[in-house]
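As structure tokens, the structure follows; a few thoughts come after it.
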Amino acid sequence: MPDQEQPPPLGAQEDAATRAVTVGAATPEPDAARSLWSDAWHDLRRNPVFLVSALLIVFLVLIALWPGLIASQDPQRCQLGRSLQGPSSGHWFGFDTQGCDVYTRTVHGARASIAVGVCATLGVALLGAVVGGLAGFLGGFWDTLLSRLTDVFFGIPMVLGAIVFLSMITLSGIWPVVLVIAALGWPQIARIARGSVITVARNDYVQAARALGAGNTRMLLRHITPNAVAPVIVMATIMLGTFIALEATLSYLGVGLRPPTVSWGVDISAASDGMQFRNAPHILLYPAAALSVTVLAFIMLGDAVRDALDPKLR
Amino acid sequence: MRGSTRNRLTGAVAGVMAVALAVTACGGGDGSGGGGGGSFVRASWGDPQHPLEPANTNEVQGGKVLDMIFRGLKRYNPETGEAEDAMAESIETDDQRTFTVTIEDGWTFSDGTPVTAKSYVDAWNYGAHIDNAQIASYFFQFIEGYDEVHPVDEGAEATADTLSGLEVVDDHTFTVRLTEPFSLWPETLGYAAYAPLPQAFFDDHDAWLDKPIGNGPYKIDSYSRSQSMRLVRNDAYAGDDKAKNDGVELRVYTDNNTAYTDLQAGNLDLIDDVPASQLANIGNDLGDRYINQPAGIIQTVSFPLYDKDWKGEDGAKLRRGLSMAIDREEITSQIFHDTRTPAGDFTSPVLGEAGGYKEGLCGDACDYDPEGARELIEEAGGLPGGKVTLTSNVDTGSHRQWMDAVCNSINNALNDTGACTVNPVPTFADFRNRVTGHEMTGMFRTGWQMDYPLIQNFLQPLYYTDASSNDSGYSSEEFDRLIDEANAASEEDEAIEKFQQAEEVLAEDLPAIPLWYQNGTAGYSERLDGVKLNPFSVPVFTDITVD
Amino acid sequence: MGRYVLRRLIQMIPVFVGATFLIFVMVYALGDPVSALFGDRGPDPATAKALREEFNLDKPVWQQYLLYMGDILTGDFGTAFNGEPVTALMDRAFPISFRLMVTALVFEMLIGITLGVITGLRRGRSLDTSVLVLTLAVIAVPTFVLGTTAQYFLGVEFGWIDPAVSPDARLDELIVPGLILSLVSLAYVTRLTRTSVAENTRADYIRTAVAKGLPRRRVTVRHLLRNSLIPVITYLGADVGTLMAGAIVTERIFNIQGVGYQLYQGILRQNSPTVVGFVVVLVLIFLLANLLVDLMYAVLDPRIRYA
């Protein structure tokens, strides 16, 4: 399948229709990656949405790596006597049910939450896009095989899978949770990616490229992926948020992150337990707000990247 | 085929609901005495975990129904918890081992057949027999011949069909012979497993399960499994505690919080076991229509005494130190809103002083003393590996919250935020498998809901060597000897004194540390009056009146 | 077309066997369910043994699986631990969950696609931004919070709905639970539609259609929407199963004894007949929904043909 000897074409900048022809002409071009990905980068650097979201993400990552920068207390230092006390000077976000400082826990929760969200999303998106993309692109027997494999995994309820896996896996840290989400979350993306690839593969320029003898690898990387990737990115950016929230559900069921790990999910589910937020909304508000900002940053980033990758928007 | 079953089913349910709606709609003003009328209590219910057979029920939701449709030889007084004669006219013994039971005349099952001595003997034989795999068959283990119908070893076949210790004398008399003297045995007879069963139970078992027939103050009018049950007053009931309302409609809720919301919205009259987190608002929501009273439940934390870290002198010091590091007062007030009471012994206040409850028996070990705790643990060479875990299942009952609070309390006392960590286990089944498989390495949750209000029930099954619920693997010759002596005692006072001595051995050894006594809670609507809970935290439905 | 459908139906058999076996092994891996039946009391070995025999738990896993599948083919799905046949549970749960799923799906299609088209046509405007903010709120605030809050205000404070759904689970009772259930999916549908629409507005055939002077509405509905829907339809098809099986939280809050609730109870009590029985039917529904989606591709995109 790989056809390295044939240098990839230039001309990803052109309009889709003309592009198909250029592709077919197979004009030699030494640095192939430049045509699409470096162009995207060129666009991105000028996109304010990208800049804002990137800054936000850098900030969040910094906090995740060194929470001590802005929160000096110990998130595990909790005194029940201060249970549910509202915000005050020195403790801006108030205290939760256990009497822990909500501000400290929100800051310290960034690490596990963002790590779970990003890693699980990457895992799901890669696995799903590869399996689904190949199924849609190769068609025929492979499509059948991969699609049916997807179906098998689709049938497993997430909660069941999580309870089974996580009561058997004894790894510590975030990895068991990431593994479970990746192992059970990919079929959704796979279906989307397959549908998207099928649509794109029927486009004239792709047909033209194929007719002109473009190899499989190049077809996939040059023509299909950039055009079919949009739905996957959109799904992935939202999934990131839902995975952080899913971690909360799993933690709540006792199969998520093991104590003493602090995460937004753990705090949100603790606040939700039996409507405690009815009396003390602050215990829900802050971790949920942190989660929102993170998801917002990634959705904006996803949008910007998607736009930059879309040749039709140039 | 499926469609037709479904239609029939939904049809039936719709019918029930229509009746129920009609009934509740005209409920106002009819009073409790109305003949065809509508003073029905709409109460929350949970799906019973086992088929509704007397000897196959070991949890509150099934027990709730059995308490309404059955009356056995004894009944526990809803207020004092004392075992009083219900169907029993007399239970006599000379040697604390052979009992002659005489039952009252005039009792009938709701299908019209009389309740006789045979109804009891047949029911107990059924409950005990291994082939029927009844969850609560251990209740019959005291009766002679139990080993033959219910061999202990896994896979062994029964060698007899009936308990040799049971014998029908005449329609109203039967004798029971126990394997060894047990002076308080008659007091255990209020438990549902000892209920009599009608011939219909044996003739057509499936039909009986679809609509159980009993001899209690209520009879079942209709039953849609895992959805609802409608009980009406049994007018032929021969007991004293006749129902003061026309009936009860039990509704299964998927979540107690939902039931609570439904109560607020006026669609439900009675919810027992109010979710802890709603308690902060209950004053606003319900005013004084809220009950919070002691029940026969104690929560403890046990230690794996089979693990070398927790053995010996140092282990004992560690256990005592950890117990002293837990601020029970603060946790019961902040987390449980006073629906738990800090525990000072191994029993329950519902037993009463006369029944063996002794406040403060646990001594200093149950008092919060962070400094003392730190010293003791240091003396013992510190926690094993510098830390300890607290393990429990987290799928039911908001365990996570108090576990966090207990660990935080220990951490604060020891001034080390990493000393105690919570170890949540996803399912109850998994947790119990690990506990009974002796796989624990640190503290783990243990709780006990009494089967009958006797001090014996709080001690023997939990701490006697190799007893069925001795999860910590505790074994003390002195404790076992005192229990044996207590059981053989001919006077109740003497027995209770011996039990308390045994309990003091526990307080010294601390195989488990008492945390708190759990209360029963209930909230009810303005329509109801006379709502109370019995010591098993089950509402006394017969006494409820409806406006 | 007919042959394609037939082929897909035949392919369901291995998927079905694979999925059920996987589930069976997983439930088996959870461990022994019997000791939990005894509550806090240690199990009595003889009774436990008798119970294991009754539920075939004493046999090796492959044998249990074969016995179970054999029974299923004769229509016997086994018995739950409370003595009720699993078929009776399914008879009740599936119709309820189906209605709930349809309600949620209708919300997703009506609200999600509408919002998606509008925001896709007006990217970057204030409406687009407000929808984004709403999306974020839905993702960041757990269903549990939204559900209980809606239940409390609509059910208790305003008294517009009954907080708990009756055992019949009539369609009108399922409107609020259905909306709550659909919220997260709504976020996906809106974002997917928005992207797809935004992309297709630049496509040649839209330009051509506009250039031809076709009315705006017609261009939007006939050309733009139709071509933008493939990822959305794929998502919705996959969501059918998730909505039916994954409504655990919603069903618990609103007292709906549907598939998610029963499945979760089955998992907690490690009751394989319930879990496997429900999943068997769910897998069938997944497969049919996916088949339907694949057929829809051909309807939406004339270039796709199934032979």
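The numbers here are math on the coordinates, done by the rules we state, and not lab data. The structure displayed is predicted, hence computed values, not measured ones. In this analysis, Cβ positions are derived from the backbone assuming ideal geometry, glycine residues included, and neighbour counts consider all displayed protein chains.
Computed quantities for the displayed model
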quantity: Span-like helix ranges in chain B, DSSP H, alpha carbon extent 20 angstrom or more, Kyte mean at least 0.5; calculated: B:2-25
quantity: Computed [θ] at 222 nm, deg cm²/dmol, the protein assembly as shown (DSSP H ≥ 4; -39,500 (n - 2.57); rounded to nearest 500); calculated: -16000 deg cm²/dmol
quantity: P(r) of region A:34-301 over all Cα-Cα pairs, binned every 10 Å from zero, in whole percent; calculated: 7, 25, 29, 21, 12, 5, 1, 0
quantity: For region A:295-305, 3J(HN,Hα) per residue [Karplus equation, 6.51 cos²θ - 1.76 cosθ + 1.60, θ = phi - 60°, Hz, x = Gly/Pro]; calculated: 4, 4, 4, 6, 5, 4, 4, x, 4, 5, 4
quantity: Gaussian network model of chain C, springs between alpha carbon atoms under 10 Å - residue of C:Ile230, C:Ile96, C:Ile139 with greatest fluctuation; calculated: C:Ile139
quantity: Residue with peak Gaussian network fluctuation, chain C [Cα springs, cutoff 10 Å], from C:Leu214, C:Leu288, C:Leu186; calculated: C:Leu214
quantity: For C:Phe16, A:Phe59, order by how many other beta-carbon atoms lie within 10 Å, fewest first; calculated: A:Phe59, C:Phe16
quantity: Projected label distance in nm at A:Val61 and C:Tyr205, using a 7 Å step from Cα toward the beta-carbon; calculated: 4.1 nm
quantity: GluC sites (Glu not before Pro) within region B:127-167, DSSP loop, no more than 12 other Cβ atoms inside 10 Å; calculated: B:Glu157
quantity: Where only C-alpha atoms are counted, convex hull volume of region C:2-73 per residue in Å³; calculated: 98 Å³
quantity: 14 Å Cα-Cα reach of B:Lys118 towards aspartates and glutamates, excluding residues that sit fewer than 8 places from it in its own chain; calculated: B:Glu104, B:Asp105, B:Glu167, B:Asp170, B:Asp171
quantity: Average beta-carbon neighbours from other chains, 10 Å sphere, peptide C:162-175; calculated: 4
quantity: Phi to ³J(HN,Hα) by Karplus 6.51 cos²θ - 1.76 cosθ + 1.60 over region A:142-158, Hz, x for Gly, Pro; calculated: 5, 4, 4, 4, 5, 5, 5, 4, 4, 4, 4, 6, 4, x, 7, x, 4
quantity: Per-residue Cβ neighbour rank within 10 angstrom, fewest leading, C:Glu54, B:Glu477; calculated: B:Glu477, C:Glu54
quantity: Debye intensity ratio I(q)/I(0), log10, the protein assembly as shown, q values 0.08, 0.09 Å⁻¹ (C-alpha model); calculated: -0.92, -1.13
quantity: Percent breakdown of C-alpha pair distances by 10 Å bin, ordered from the shortest bin, for region B:413-547; calculated: 10, 28, 27, 22, 11, 1
quantity: Loop-located trypsin sites (Lys or Arg not before Pro) in region C:138-202, at most 15 other Cβ atoms within 10 Å (DSSP); calculated: C:Arg170, C:Arg202
quantity: Three-way shape call for region C:90-305 based on the alpha-carbon gyration tensor, with the a/c threshold at 1.5; calculated: oblate
quantity: Relative exposure of B:Glu180, B:Glu503, judged by other C-beta atoms within 10 Å (fewest first); calculated: B:Glu180, B:Glu503
quantity: Calculated over chain B: convex hull of Cα atoms, volume per residue (Å³); calculated: 159 Å³
quantity: Helix C:259-268 axis, angle to chain C major axis (alpha carbon atoms, nearest 10°); calculated: 40 degrees
